[in-house]
Every structure is written in C-alpha cells, then in structure tokens.
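Peer 1: Please read through the structure below; I'll follow up with questions.
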Amino acid sequence: MKVLVVGNGGREHAIAWKVSKSPLMTKLYVAKGNAGIWEIAERVDISPTDVKSLAEFASKESIDFTIVGPEAPLVEGIVDEFEKRNLKIFGPSKEAAKLEGSKAFAKAFMKKYNIPTAKYEVFTDFEEAKKYVEKVGTPIVIKADGLAAGKGAVVCETLEKAIETLDKFLNKKVFGRASEKVVIEEFLEGEEASYIVMINGDKYVPLPTSQDHKRLLEGDKGPNTGGMGAYSPTPVINKEIEERIKKEIVEKVIEGLKKEGIFYRGFLYVGLMITKGGPKVLEFNVRLGDPEAQPILMRIKNDFLETLINFYEGKDVKIEESDRWVLDVVLASKGYPEKPETGKIIHGLDYVKNVEDVILFHAGTKKEGEFLVTSGGRVLNVCAYGNTLKEAKEKAYEAIKYICFEGMYYRRDIGDKAFKYLS
Ligand code: AMP
Ligand code: GLY
C-alpha cells in the first residue's frame with residue numbers, strides 16, 4: 001500500500017514513523033517533510049497547501065491512503081480535492097474544517113448545541129471591541145477568527161494589552177484576513193488538557209489523553225506558541241472527567257454536525273480547560289495536535305495504519321494503549337515564536353539516536369550539504385518512554401544534554417504540572 005503523509009513538522013514525523021512500522025505499507029511519501037522524515041519517506045516537493053497539485057500527484061502515483069497532518073490543507077479543502085478523484089484521505093472536508101478555521105463558527109456551533117465553553121462576543125470594529133473590553137475588564141482572551149499558526153490567541157491581563165492586541169488584529173491586521181474578525185472571550189481558570197478522538201460520521205474512538213505546554217516560558221509565562229512540550233497520558237483527565245468530555249462535548253459535537261448536515265471523518269482535537277465547573281472547550285482543531293501527537297502515537301500499540309484504514313472504512317476499532325508514559329520536550333530556535341533564527345548547524349543527534357527509550361522527531365530541520373541545520377521555530381522533539389512520568393522526564397532531559405545548536409531554547413518544566421496528581 002502506498003501512503004502519503006502531508007506536512008512538515010514533528011507531528012508528521014511521528015505519523016510517518018508509526019505508519020512505516022505497518023506491514024501493510026509498501027511505499028511512504030511525504031509532502032514536503034523535514035530532514036527526519038526524508039530518512040524514512042520519499043520526498044514530494046509540493047507544498048502542503050497546494051491541494052490541487054497534491055491531489056494530482058496522488059492520482060498519478062496511485063496513492064492508496066493519505067494522512068493529513070496540519071490544519072491549513074484541510075481548511076483549503078484537500079479532502080474535497082482528493083475525494084473528487086476517488087482517492088482515500090483521512091481528514092475532514094473544507095466545510096467541517098471550519099470548526100478550526102473559524103473561531104466564530106466554532107463558538108456559534110458550541111452555543112447552538114449547548115457545548116460548554118467560555119462566554120464570548122464577536123467583533124470586526126476596533127472601537128466597538130475596545131468599548132466592550134473596557135466594559136467587561138480583564139483578564140480577557142482575544143482571538144483572531146482565522147488560522148494563525150497557534151499564535152492568534154492572546155490572554156490579556158491588562159486593559160492596555162487588550163487594546164494593543166485589538167489594534168494589532170483589527171487595525172494592523174497582523175494575520176491578514178484571519179484577524180479581520182476577533183472573538184473576545186471570558187478568561188477560564190483551570191488546568192488545560194488535550195482530548196483527541198477519531199470520528200467517522202456517528203462513530204468515534206478516543207486516542208490516549210495528553211497535555212501540551214502552550215506558553216513559551218517556564219511556569220506558563222510568555223506568549224502562546226504552537227506547543228513547547230507534551231506528555232501522555234495526563235492525570236488531569238481522570239475517568240470521571242473523561243466520561244463528561246465524551247457525553248458533554250464529543251457526543252454533542254457529533255450530534256450537532258449531523259443536525260447541520262456536515263459529514264465529519266478525521267481527527268478532532270478538543271482543547272480543554274478543566275475548570276471547577278467541569279471540562280470546557282477552549283478550541284477545536286481538526287487534526288492531531290503538535291506536539292501531542294508524538295507521545296500519543298508512541299503510546300499506541302496498534303498497527304496504526306491498519307487501524308486508521310479500518311476506521312476510515314467504517315469498521316469498529318479499538319486503540320490499545322501502552323501503560324508506559326511518554327514525555328516530549330520541544331527544542332526551539334532563538335526568537336521563536338515571533339522571529340525564529342534559522343540555518344544553525346545541529347550537533348549531537350547521532351548519539352541520541354541510539355539511546356534506549358528515546359525517540360527523536362524532527363520539526364524544522366533540513367540538510368545543507370553534509371550538515372543538518374535548523375529551518376524553523378520548533379526544531380526537534382526529544383521524546384522518551386518511562387515506567388513513570390518522572391522516569392520519562394529524566395530520560396528526555398538526559399538526552400537533550402547531547403544536542404546543541406546556536407540559540408537552542410527549551411522549557412525545563414515539561415510534565416511538572418502532572419506531579420501534583422501523582423504523589
Ligand atoms: P486557543 O488557540 O483558542 O486554544 O488558545 C490558545 C491558548 O490560549 C489556550 O491553549 C489557552 O492556554 C489560552 N486560552 C484560550 N482561551 C482561553 C480562555 N477562555 N481562558 C483562559 N485561557 C485561554
Ligand atoms: N499543540 C497545540 C496544537 O496542536 O494546536
């Protein structure tokens with residue numbers, strides 16, 4: 001079976017790694033990938049958002065199954081393009097991808113179907129939005145309506161910050177059309193967690209739970225990023241909370257989509273705040289999380305390709321979860337997320353490749369001659385298995401000691417928030 005993975009990051013490396021273990025796989029392609037993925041897959045030089053060219057390529061090469069990593073191609077309609085040509089692809093249609101592609105759409109959907117989330121208002125006019133934040137006060141959260149690579153949500157502690165953010169989004173339009181409209185929402189207190197399921201129409205299957213670390217700096221300070229590290233499973237989602245997430249959120253989403261006449265097949269990532277009043281949705285993503293996918297896929301024992309295909313075809317599947325923990329630390333470039341410096345030579349990976357229980361997933365890496373160099377904000381994911389979370393953490397941080405590139409930055413507190421639940 002010929003498989004195509006679409007995307008360039010750590011999540012896509014983890015997908016390619018997992019799929020490449022399947023006996024069903026005969027040839028693996030990646031568009032466009034990174035230096036890590038190119039070691040296990042044939043490189044296709046088409047941008048993930050050039051959805052028409054990708055569909056033409058898949059048709060010409062008779063690709064049997066395509067897995068999409070990032071949101072942008074889904075929101076662009078990659079699934080619609082592939083399905084027009086009768087090609088099998090796992091992901092939601094352009095219409096269904098609006099759950100991630102428009103925060104205003106997602107919020108209205110949640111309101112309509114009584115799915116717990118923060119209270120909100122939508123604005124396009126700067127003066128009106130300013131008046132609103134002056135009235136309700138801070139802390140408050142301002143979000144660009146459209147896609148902004150994980151950087152479009154700003155938690156504003158002060159009125160000054162809120163007005164500055166509104167100015168950036170609505171007047172200066174820093175994210176172009178994506179920030180012509182903003183959602184302003186109530187600040188929720190609690191602990192964040194990620195709950196990802198696979199949906200095929202009426203059916204859904206949960207994947208292992210996880211927790212991301214969205215802020216750049218230790219102690220959850222600094223700007224939001226795509227994610228600085230993750231671990232799986234997370235004790236923040238206990239059995240009782242998980243039941244509530246299923247009943248109060250996932251099943252209502254499925255019912256709501258059905259009532260709206262929107263068919264959904266693909267991953268659905270529910271970004272949650274576990275508040276005193278129960279789980280509330282911060283956001284929906286129509287894909288696997290990055291970096292959450294890396295620990296999640298490392299903990300899934302199934303032949304994931306076989307499971308995905310069976311699920312795609314409407315069969316019942318069961319996810320077998322390892323009882324080990326996995327922790328993933330992201331190594332980032334200096335300047336990430338605003339202006340990452342790139343082109344720095346990466347040292348030390350050969351040693352880490354052979355360390356037991358440690359797996360490296362590349363993100364922003366490429367080859368320049370004989371050198372491996374940085375090519376993006378998030379560069380590498382150092383992931384480790386452990387019989388306890390503490391052991392996974394120790395192994396990941398021990399491996400990091402051998403890796404370096406100029407300006408390398410990482411958080412030293414990945415996983416720490418979980419320990420209070422575990423003692
Ligand atoms: P989003 O892209 O909507 O998930 O927002 C990115 C991050 O901003 C989240 O992971 C949270 O850390 C934070 N955030 C978003 N919405 C809220 C909220 N209503 N209350 C508190 N924090 C939030
Ligand atoms: N790690 C958060 C995300 O993938 O959106």
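Peer 1: When the residues of the range 272-329 are narrowed to those that are among the acidic types (Asp, Glu) and away from ligand 2 (no atom under 16 Å from the Cβ), which ends up farthest from Asn387 (Cα to Cα)?
Peer 2: Our first condition is that a residue be among the acidic types (Asp, Glu); within the range 272-329, this holds for 283, 290, 292, 303, 306, 313, 316, 320-321, 323, 328.
If we keep only those that are away from ligand 2 (no atom under 16 Å from the Cβ) too, we end up with 303, 306, 313, 316, 320-321, 323.
Numbers: Asp303: 22, Glu306: 27, Glu313: 35, Asp316: 30, Glu320: 17, Glu321: 14, Asp323: 8 Å.
Residue satisfying both the conditions and the ranking: Glu313.
Peer 1: List the strands (runs of 3 or more DSSP E) inside the range 24-140, counting only whole elements, that have at least 3 residues being within 24 Å of the chain's Cα centre (by Cα). Step through it out loud before you land on a result.
Peer 2: Details: elements: 27-32, 42-44, 65-68, 120-123.
Ranges flagged: 27-32, 42-44, 65-68.
Peer 1: Let me confirm something: among Glu368, Glu338, which residue is surrounded by fewer than 20 Cβ atoms within 10 Å (Cβ to Cβ) and under 21 Å from the mean Cα position of the chain (by Cα)? Reasoning before the result, please.
Peer 2: Values: Glu368 fails: under 21 Å from the mean Cα position of the chain (by Cα).
Checking each option against the conditions leaves just Glu338.
Peer 1: Return a yes/no flag: does the range 159-169 have any residue that is in contact with a Cys (Cβ under 9 Å, 6 or more places away or on another chain), over 29 Å from Gly229 (Cα atoms) and more than 16 Å from ligand 2 (Cβ to nearest atom).
Peer 2: Yes, the range 159-169 contains a residue that is in contact with a Cys (Cβ under 9 Å, 6 or more places away or on another chain), over 29 Å from Gly229 (Cα atoms) and more than 16 Å from ligand 2 (Cβ to nearest atom).
Peer 1: Turning to a different aspect of this structure: Please specify each residue of the range 221-244 satisfying the condition of being under 23 Å from Ala153 (Cα atoms) and either in contact (Cβ under 8 Å) with a residue 40 or more places away in the chain or of a type in the set (Asp, Glu) (or both).
Peer 2: Taking the range 221-244 and keeping what is under 23 Å from Ala153 (Cα atoms), we get 221-231, 236.
Listed by number, the residues that qualify are Pro223, Asn224, Thr225, Gly226, Gly227, Met228, Gly229, Ala230, Tyr231, Val236.
Peer 1: Still on this structure, please answer the following. Among all residue pairs at least 6 apart or on different chains, which show Cβ distances below 8 Å where the first residue, located in the range 116-127, is within 15 Å of Lys168 (Cβ to Cβ) and the second is β-branched (Val, Ile, Thr) and open to solvent by less than 40 Å² (accessible area, probe 1.4 Å)?
Peer 2: Phe123/Val182; Phe123/Ile184; Thr124/Val182
Peer 1: Could you say whether any residue in the range 346-365 is modelled with pLDDT of 95 or more, over 27 Å from Phe82 (Cβ atoms) and basic (Lys, Arg)?
Peer 2: The answer is no, given that none of the residues of the range 346-365 is modelled with pLDDT of 95 or more, over 27 Å from Phe82 (Cβ atoms) and basic (Lys, Arg).
Peer 1: Just to be sure, is Glu283 open to solvent by 10 Å² or more (accessible area, probe 1.4 Å) and within 15 Å of ligand 1 (Cβ to nearest atom)?
Peer 2: Details: open to solvent by 10 Å² or more (accessible area, probe 1.4 Å): yes; within 15 Å of ligand 1 (Cβ to nearest atom): yes.
Spelling it out, Glu283 is indeed open to solvent by 10 Å² or more (accessible area, probe 1.4 Å) and within 15 Å of ligand 1 (Cβ to nearest atom).
Peer 1: Also: If you go through the range 127-174 one residue at a time, how many are closer than 21 Å to Glu100 by Cα and either of a type in the set (D, E, K, R) or open to solvent by 20 Å² or more (accessible area, probe 1.4 Å) (or both)?
Peer 2: 11
Peer 1: When you scan the range 197-205, do you find a residue that is at pLDDT below 95 and open to solvent by 20 Å² or more (accessible area, probe 1.4 Å), even just one?
Peer 2: No: zero hits.
Peer 1: Determine the pairs where a residue that is touching a residue at least 60 places away in the same chain (Cβ under 8 Å), located within the range 150-161, has a partner that is within 11 Å of ligand 1 (Cβ to nearest atom) and assigned to a loop (DSSP other than H, G, I, E, B) with Cβ atoms under 8 Å apart, the partner being 6 or more residues away or on another chain.
Peer 2: What qualifies is Gly150/Lys214; Gly150/Thr225; Gly150/Gly226; Gly150/Gly227; Lys151/Thr225; Lys151/Gly226; Val155/Pro139; Val155/Phe187.
Peer 1: From the list Val141, Val122, exactly one residue is of a type in the set (Val, Ile, Thr) and within 16 Å of ligand 2 (Cβ to nearest atom). Which is it?
Peer 2: Details: Val122 fails: within 16 Å of ligand 2 (Cβ to nearest atom).
From the options Val141, Val122, the qualifying one is Val141.
Peer 1: Anything in the range 314-324 that is at negative phi and open to solvent by less than 40 Å² (accessible area, probe 1.4 Å)? List them, or say none.
Peer 2: Of everything in the range 314-324, those that are at negative phi and open to solvent by less than 40 Å² (accessible area, probe 1.4 Å) turn out to be Val317, Ile319, Ser322.
Peer 1: I've got another one for you. Can you tell which of Glu185, Glu218, Glu192 is among the acidic types (Asp, Glu), under 18 Å from Ala153 (Cα atoms) and open to solvent by 50 Å² or more (accessible area, probe 1.4 Å)?
Peer 2: Values: Glu185 fails: open to solvent by 50 Å² or more (accessible area, probe 1.4 Å); Glu218 fails: under 18 Å from Ala153 (Cα atoms).
Matching residue, one of Glu185, Glu218, Glu192: Glu192.
Peer 1: Right, here's the next one. What's the total number of residues in the range 239-280 that are in a strand (DSSP E or B), open to solvent by 10 Å² or more (accessible area, probe 1.4 Å) and within 16 Å of ligand 1 (Cβ to nearest atom)? It would help to see each step written out before you state the result.
Peer 2: Kept after step one, since they are in a strand (DSSP E or B), are these residues of the range 239-280: 265-275, 278-280.
Remaining after also requiring open to solvent by 10 Å² or more (accessible area, probe 1.4 Å): 265, 273-275, 280.
Filter again for within 16 Å of ligand 1 (Cβ to nearest atom), leaving 273-275, 280.
Summing the residues that are in a strand (DSSP E or B), open to solvent by 10 Å² or more (accessible area, probe 1.4 Å) and within 16 Å of ligand 1 (Cβ to nearest atom) in the range 239-280 gives 4.
Peer 1: Here is a follow-up. Of the residues that make up the range 59-73, is at least one out of contact with any Cys (no Cβ under 9 Å at 6 or more places or on another chain), free of Cβ contacts under 8 Å to residues at least 24 places away in the same chain and not aliphatic (A, V, I, L, M)? Full working, then the answer.
Peer 2: First pass over the range 59-73, keeping only residues out of contact with any Cys (no Cβ under 9 Å at 6 or more places or on another chain): 59-73.
In the following step, the residues that additionally are free of Cβ contacts under 8 Å to residues at least 24 places away in the same chain were identified as 60.
From what's left, not aliphatic (A, V, I, L, M): 60.
Within the range 59-73 (the criterion being out of contact with any Cys (no Cβ under 9 Å at 6 or more places or on another chain), free of Cβ contacts under 8 Å to residues at least 24 places away in the same chain and not aliphatic (A, V, I, L, M)), the answer is yes, since at least one residue qualifies.
Peer 1: Identify, from the list Lys112, Lys88, the residue that is under 30 Å from Ser20 (Cβ atoms) and at pLDDT 95 or above.
Peer 2: On the way: Lys112 fails: under 30 Å from Ser20 (Cβ atoms).
Exactly one residue qualifies, and that residue is Lys88.
Peer 1: A further question on this structure: I need every pair where a residue in the range 299-313 that is open to solvent by less than 10 Å² (accessible area, probe 1.4 Å) has its Cβ under 6 Å from the Cβ of a residue that is assigned to a helix (DSSP H, G or I) and of a type in the set (A, V, I, L, M), sequence separation at least 6 or different chains.
Peer 2: Within 6 Å, the pairs are Leu305/Val19.
Peer 1: Among the residues of the range 7-18, are any within 20 Å of the chain's Cα centre (by Cα), assigned to a strand (DSSP E or B) and either farther than 23 Å from Asn310 by Cβ or in contact (Cβ under 8 Å) with a residue 40 or more places away in the chain (or both)? Explain how you work it out, then say what you get.
Peer 2: So the first thing to find is which residues in the range 7-18 are within 20 Å of the chain's Cα centre (by Cα), and the list is 7-18.
Within this subset, residues satisfying the condition of being assigned to a strand (DSSP E or B) are 7.
Still in the running and either farther than 23 Å from Asn310 by Cβ or in contact (Cβ under 8 Å) with a residue 40 or more places away in the chain (or both): 7.
Yes.
Peer 1: Oh, and also: Considering (1) in contact with a helix residue (DSSP H, G or I) (Cβ under 6 Å, 6 or more places away or on another chain); (2) open to solvent by 60 Å² or more (accessible area, probe 1.4 Å), say which one Met1 fails and leave the rest.
Peer 2: The one condition Met1 does not meet is (1).
The values are calculated or read from the model by the stated rules, or taken from the named source; none is laboratory data. None of the values given here were measured: they were computed from a predicted structure. Here Cβ is always computed from backbone atoms with ideal geometry, including for glycine, and neighbour counts include all displayed protein chains. We work out accessible area using only protein heavy atoms, side chains counted, and drop any ligands, DNA or RNA first. Shrake-Rupley method; radii C 1.70, N 1.55, O 1.52, S 1.80 Å.
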